[in-house]
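Here's the structure we're looking at; comments come further down.
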């Protein structure tokens with residue numbers, strides 16, 4: 001290669017080459033970073049949105065994809081949920097990446113039938129026939145060659161709990177006997193059962209925290225909490241007093257008939273053999289290795305039957321009617337001037353008229369908490385029920401069902417809960433004249449609220465606040481409660497938590513294979529770099545080439561003399577020339 005013959009052209013040519021190489025280096029660096037990011041998990045919250053977002057159809061042709069089925073047998077009907085997950089990474093600290101299976105249109109594979117399984121109490125021999133539409137639906141969507149390795153769980157809840165134990169067993173025995181005759185799924189006697197309210201609450205807690213990414217301890221972008229362990233419940237290989245890991249979220253769920261709270265208890269709790277708290281606290285390991293404590297959780301779950309919004313509303317009106325001699329009663333829990341006709345259980349006709357006094361309404365509701373009931377073990381929340389202390393300075397809760405409806409359907413402040421904002425919105429609604437509220441409703445200004453919700457909004461918002469602050473003792477300045485109907489625009493079912501827990505030992509095969517591979521093939525540090533992605537290889541290769549090119553170019557230019565130009569300065573070394581020339585530019 002011939003270099004320019006004049007000093008100025010040589011310097012210009014040199015800088016042009018160096019500048020071009022640097023530009024090329026920056027372009028390659030940008031491409032390497034951008035492309036390698038495509039292979040990394042999405043950062044922060046976006047990573048977990050991918051689990052719930054409307055996605056592509058599940059690739060049933062992938063041989064490394066596995067499946068699981070959970071049938072939720074509820075009180076009014078049964079639903080089947082089909083889940084899928086890729087092969088486990090082999091890292092014992094990671095859980096299976098379970099997601100809902102999606103059909104060709106990208107919709108979750110879910111099917112519902114009515115009525116509930118419990119309606120077969122007098123005809124238990126029809127149980128397997130009853131479930132056939134759900135199991136056939138699941139079998140159709142799962143590849144035939146995967147059926148024998150696909151676990152099937154049939155789990156019954158509220159409706160079946162109301163039956164006698166003998167009626168329950170008659171129905172379950174029919175399923176245990178006949179389901180394996182028609183389907184090749186992985187199904188044993190323990191895969192069908194009536195689960196307790198405590199189990200259902202734990203499964204719901206697991207599902208919500210999994211979707212929120214709170215079980216991924218490799219990332220530390222979320223708040224942390226120190227978790228203590230009860231040494232008597234751990235194996236000898238895992239005797240660690242405490243660990244620091246991601247903070248999980250607590251769950252509040254209020255339906256029409258019941259109320260439930262579930263949250264992790266970080267502090268070690270002493271539980272004696274006959275301790276009442278034993279029935280309220282579940283300690284379990286979500287991981288597949290009992291010697292590892294990364295996924296050992298201690299969760300408090302309590303269900304309050306009869307404390308749902310509709311049950312309390314009915315009880316409230318009965319008591320108001322029964323404690324008054326008059327048939328015309330002023331009700332602070334109804335909007336101002338709102339009329340309501342009520343017939344008591346004994347046939348009396350009572351006329352209620354709202355006064356819209358939110359503060360008095362809350363005061364009147366306080367006695368339903370039964371705070372005077374003796375607490376068998378301290379501390380208690382209400383109705384004499386034991387509840388461990390909540391660290392309100394380092395905790396987070398999600399409120400579902402009534403917590404969302406009371407905040408959003410009428411008041412339109414769903415999401416982050418703020419005490420003063422909620423109290424003002426609820427109070428303003430209650431004290432507004434009913435004629436004005438009714439006019440707004442008829443004009444369609446409350447599209448999310450049906451008539452029953454609208455008429456009972458004043459009462460239900462007061463009951464929600466009473467439960468929150470007087471029942472569970474959340475302070476008024478608590479800022480870490482969020483009401484929600486969906487997580488990332490999708491409903492999270494307790495069935496997700498159920499399959500996460502019940503399939504927790506499946507990764508053992510991949511983990512054992514990884515251990516054997518590590519033992520049989522030691523790789524020195526310079527070989528372990530092969531774990532880098534292909535684009536990272538390209539980046540380092542290009543970086544080395546550019547640096548080498550610049551080095552050799554400067555070295556070559558430093559060893560030449562510029563010719564054939566004659567100059568008064570004879571035999572000036574080229575490096576000196578560059579230095580003089582650089583000073584001239």
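The values are calculated or read from the model by the stated rules, or taken from the named source; none is laboratory data. Quick caveat: nothing in here was measured; it's all calculated off a predicted structure. Neighbour counts run over all protein chains shown; Cβ positions are idealised from the backbone, glycine included.
Points to keep in mind about this one:
- The sole residue among 446, 398, 417, 405 that is without any contact (Cβ under 8 Å) to a residue 40 or more places away in the chain, crowded, with 18+ Cβ neighbours inside 10 Å and closer than 23 Å to residue 485 by Cβ is 446.
- Single condition residue 507 does not satisfy, out of (1) over 26 Å from residue 335 (Cα atoms); (2) surrounded by fewer than 19 Cβ atoms within 10 Å (Cβ to Cβ); (3) out of contact with any helix residue (DSSP H, G or I) (no Cβ under 9 Å at 6 or more places or on another chain): (2)
- Elements of type helices (runs of 4 or more DSSP H) in region 84-185, at least 3 residues being modelled with pLDDT of 95 or more, surrounded by 15 or more Cβ atoms within 10 Å (Cβ to Cβ) and more than 27 Å from the chain's Cα centre (by Cα): 127-141, 165-182
- Within region 369-381, the set of residues being farther than 17 Å from residue 281 by Cα and surrounded by 21 or more Cβ atoms within 10 Å (Cβ to Cβ) is empty.
- Conditions (1) at pLDDT below 80; (2) over 27 Å from residue 192 (Cα atoms); (3) in a helix (DSSP H, G or I): number failed by residue 523: (3)
- Residue under evaluation residue 213, criteria (1) modelled with pLDDT of 90 or more; (2) in a strand (DSSP E or B); (3) more than 27 Å from residue 304 (Cβ to Cβ), criterion not met: (2)
- Tallying residues that are assigned to a helix (DSSP H, G or I), in contact (Cβ under 8 Å) with a residue 40 or more places away in the chain and either closer than 18 Å to residue 407 by Cα or touching a strand residue (DSSP E or B) at 6+ places or on another chain (Cβ under 8 Å) (or both) within region 430-442 yields 4.
- Selection of region 186-209 for residues being in a helix (DSSP H, G or I) and touching a helix residue (DSSP H, G or I) at 6+ places or on another chain (Cβ under 6 Å) yields 189, 200, 203, 204, 206, 207.
- Condition check for residue 307: in contact with a strand residue (DSSP E or B) (Cβ under 6 Å, 6 or more places away or on another chain), modelled with pLDDT of 95 or more, in a loop (DSSP other than H, G, I, E, B) and buried (at least 18 other Cβ atoms within 10 Å of the Cβ): yes
- Qualifying position, being over 27 Å from the mean Cα position of the chain (by Cα), surrounded by fewer than 20 Cβ atoms within 10 Å (Cβ to Cβ), at pLDDT 95 or above and part of a helix (DSSP H, G or I), among 456, 427: 427
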